[in-house]
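Nothing in this text is a laboratory measurement; each read-out follows from the coordinates by a stated rule. Worth saying up front: this structure is predicted, and the values here are computed from it rather than measured. Here the Cβ is made from the backbone with ideal geometry for all residues, glycine too, and neighbour counts use every protein chain on show.
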Amino acid sequence: MVPVSRYMRWFKHLWQLAVEPSPTIADPVIRHRIRILNSILVVFIPLSTLTLLIYLLTLPSRFIGLPTTILAVLMGISVAALIYVVNHTRHYLFARYLTVGVGLLAVLANAVASQPPHLEIAYIIMLPLVSTLLFSFKDTLIICLLSVISFLGFAHMMGDIPADIFKDLLTFIMFIQVFILFLSQQRNRLETDRQKLAIEQERNTLLKKLIASISHDFRTPLTIIITNTYLLGRTTDLRQQQEKRDQIHKQALRLNQFIEDILTMSTLDQNTQIELEQADLNHLLRRLYEEFIPQAKAKNIRLELDLAPDIQSVQLNTDHFDRACNNLVQNAINYTPAGGQVIIRSMIQRDALVIECIDTGIGISPQDLPQVFTAFFRADHARSTETGGMGLGLAITRQIVEQHGGSITVESVVGRGSTFRIQLPYLQNI
């Protein structure tokens, strides 16, 4: 027998497939709203269809309700199915307005086909109710007003709704619109509070990671500095004294790099806009290559430069972009063993300018790949005394690239190396 827990996992997996919106919709608030609405539709559509079938099959024909009532139910199921399909499309922002419009037309068409007093028009209150899951408060207010205007226009056009029923329906619809607007306002307020809470939690998480990283990364260099300072005063051997001074200098530079990374990350977080200027990208990469040649030779790594000759000047913040590329090359050299190779490459692919940093190093495991650009993330092998940083280098690189309107990706195979690829928008002059 299949365990109950396995059935539950299957059911959970199917449920997630059914309610999850299109991956092209990135806004977390909209995705949350779509999940709620899809959850309602996934329950409503099958149950309504099943109820209607049982109703039609089990009751004698003389007891079956008016054709317009059955038509209203069928229209409701059809519109619900349409909304469900729309919630899985890429063009959600346009399709949600189309869905409400189709729903409004369906209600009006059904009400026109019905007999007096046309009570099917009361279904018009469902549209603003659905809009609380699809739209902002402002849009919901517009849809509520549209619903009331549509009801008044329908009543004027038909002219055969009894006065007392018209007054009751109008009062009922107006009351429901006020309740829906209150519901929408409360939803927006709760979503705003939830966003603020999520931002605050993310800040707290980053602060904890920062404290943990500082406590770990500052302790090791400081311990080495303190130890070598102590030993420096207890030895008279000139060679050993020089070694101790070199160790102290090296660890002081490492602490300085940690502080630079923290300040850079803080500056980038505060300044979403950066100043750009015309720059020669190949010149920047060539200078970077020359700076890293001594370090590569010291590790017996072959450093190569492969630049596209026809790249025109591009809009860059040279200081920031140099820092981004520097981080990539430094990482490549750090994690490439002796005898390996690092390639710095530029090329043009259609309307994109591509910069690649390719190495034959130790690679990145598949489970670590999605997190390599996350602040303070480091794989276990990155925590060594020689090469370990604070886990900010790649996060800084990604933020700089995105501020230039570009993107950065990585491909890696453990034991064979990694390829970091920057893509920038690029239009050649004609």
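Observations on the structure shown:
- Cα long-axis angle, helix 281-298 against the chain (0 to 90 degrees, to the nearest 10): 50 degrees
- Relative packing of peptides 235-244, 196-205, 417-426 - highest average C-beta neighbours within 10 Å first: 417-426, 235-244, 196-205
- Neighbour cut-off at most 14 other Cβ (10 Å), DSSP loop, GluC sites (Glu not before Pro), region 246-347: GLU275
- Shape of region 4-197, Cα gyration tensor, a/c cut at 1.5: oblate
- Hydrodynamic radius of the chain per Kirkwood, over alpha carbon pairs, in Å: 27.7 Å
- The angle between the Cα long axis of helix 318-334 and the longest principal axis of the Cα atoms of the chain comes to about 70 degrees, rounded to the nearest 10.
- If the segment from LYS299 to VAL112 were pulled out straight at 0.36 nm per residue, it would be longer than the present Cα-Cα gap by 59.0 nm.
- The length gained by stretching the chain between HIS156 and LYS138 to full extension, at 0.36 nm per residue less their Cα-Cα distance, is 3.7 nm.
- For the chain, relative contact order (Cα pairs under 8 Å, six or more residues apart, normalised by length) works out to 10 percent.
- Projected label distance in nm at ARG234 and ASP164, using a 7 Å step from Cα toward the beta-carbon: 10.5 nm
- Straight-line reach from LYS297: taking Cα to Cα under 30 Å and skipping same-chain neighbours fewer than 8 places apart, the lysines in range are LYS244, LYS250.
- Using a Förster distance of 60 Å, the FRET efficiency for GLU277-LEU47 (Cβ separation, nearest 0.05): 0.45
- Placing dummy labels 7 Å off each Cα toward the beta-carbon, the span from ASP310 to GLU191 is 4.8 nm.
- Put in order of Cβ neighbour count within 10 Å, fewest first, the listed residues TYR123, TYR7 become TYR7, TYR123.
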